[in-house]
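A short worksheet on the structure shown next.
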Amino acid sequence: MTAALVLIASYPKSGNTWTRLVLDHVIRRARAPISINDIETGLYVQRRMIFDRFGPVEASDLTVAEIDRYWPEVFRSLAMAQPADEPVVLKTHEAARRTDAGAWLYPPEIVRGVIHLVRHPFDVAASYAHHRGWTIDDTIRALLDPAHRIGGDMDRLQLPMPETVGSWAGHAASWTADDLPWPVISLRYEDLRADATAGFTRAAAMAGLTEDAGLVARAVGFCRFDRLQAEERRAGFRERPGRSPAFFRAGRSGIGWPDADPALLRELADRSAEMMRRFGYRADGGWEG
């Protein structure tokens, strides 16, 4: 079976959509900007259609737990349906994990590689709160929750398709564990903002997409944050949640959390300390270069 899948794995609001846009331009060898509403890379909003096409029954007939058990076979069928040597790039906010039946959610034999994105948890909290229309304190509590999920519950299906995200620290630990069955490259959001071409060239090479830094640099130029913001203001973005005033909000780091409970920020830093040290993040919201 061909290793066709390239995963872009991240906690929410850590640069996943930006990465998808850049790789979409790379894969399609674009010579002009591609609309943010014409993304072919990532297959995130299409997950329900993927499951209904390759699953044994439609997702609406299953519980969330039942859907979870079928995903490995669904992904195998998706990989087998691809022409030889054509990668399938998938966005995921899932923690790296097995199903309750013991199978890896993403079967090792079909995964070409994983691009793991990580961002300072304080900035994730600020951006995620804006994205979901939550208070900053409720959002920090979500980043501390090992059972945090996106979409659905255990009894009925809701859109979007459910994902088990977990805490920020648990998510980062899951994608950097020593016993993962896939090749993984971890990229800090802050480093991508400083030198996107270098970071995305490494990622594209690892995934077998291209080693052409010039092609990547052109894609990065087409995906400048100000251009993405301008298009969203003009045409909207189909992946923006209804409660969010804008998907492409600031794209900066260390932007401040004036309304956050200091005790909750300290708890987030304390309970995330190991992973924050691993990625050079400081409890004052800064990071090491």
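Provide, as a two-decimal number, the C-alpha radius of gyration of segment 110-204 over 2.2 N^0.38 Å, N being how many residues it has.
The value comes to 1.22.
Using alpha carbons only, what's the Rg to Rh ratio of segment 1-66 with Rh from Kirkwood?
Reported Rg/Rh, Kirkwood definition of Rh: 1.04.
May I ask you to evaluate 6.51 cos²θ - 1.76 cosθ + 1.60, the Karplus curve with θ = phi - 60°, for each residue of segment 125-142 and list the ³J(HN,Hα) values in order in whole Hz, giving x for glycine and proline?
4, 4, 6, 5, 4, 5, 5, 9, x, 9, 6, 5, 5, 5, 5, 4, 4, 5
So for the chain, what percent of the C-alpha to C-alpha distances run longer than 31 Å?
When all Cα pairs of the chain are counted, 25 percent exceed 31 Å.
Given a Förster distance of 30 angstrom, what is the FRET efficiency for Ala213 paired with Thr63, based on the Cβ-Cβ distance and rounded to 0.05?
Efficiency, rounded to the nearest 0.05: 0.05.
Compare the Cα positions of His131, Thr99, Ser77 along the charge dipole of the chain (+1 at Cβ of Lys, Arg; -1 at Cβ of Asp, Glu; about the Cα centre) and return the one farthest towards the positive end.
Result: His131, furthest along the dipole toward the positive end.
Rounded to the nearest 0.05, what FRET efficiency do Arg48 and Arg278 have when you use their Cβ-Cβ distance and R0 = 41 Å?
On the way: r = 35 Å, r/R0 = 0.84.
With a Förster radius of 41 Å, E is 0.75.
Top mean-square fluctuation among Ala95, Ala125, Ala235, Gaussian network model of the chain, C-alpha springs under 10 Å?
For the chain, modelled as a Gaussian network with Cα springs under 10 Å, the answer is Ala235.
Label Asp38 and Ala101 with points 7 Å out from Cα along Cα→Cβ: what is the distance between them in nm?
4.0
Full-extension gain between Ala235 and Asp191, please, as 0.36 nm times their residue separation minus the C-alpha to C-alpha distance.
So the extension gain works out to 12.9 nm.
Taking amide H positions as placed 1.01 Å from N in the peptide plane, with prolines and chain starts having none, which residues 5 or more places from Val89, or on another chain, fall under 5 Å of its amide H?
Placed amide hydrogens put Val6, Gly42 under 5 Å from Val89.
Given H placed on each backbone N at 1.01 Å, which residues far from Val184 in sequence or on other chains put an amide H within less than 5 Å of it?
Distant-sequence amide H within range of Val184: Val114.
Take the Cα atoms of segment 6-134, build their convex hull, and give its volume per residue in Å³. List each step's numbers first, then the result.
Working: hull volume 17.9 nm³, N = 129.
Once divided by residue count, the hull of segment 6-134 is 139 Å³.
Just so you know, all these numbers are worked out from the coordinates, no wet-lab data involved. Everything numeric here is computed off the predicted structure, so don't read it as measured data. Virtual Cβ from ideal backbone geometry, glycine too; neighbours counted across all protein chains shown.
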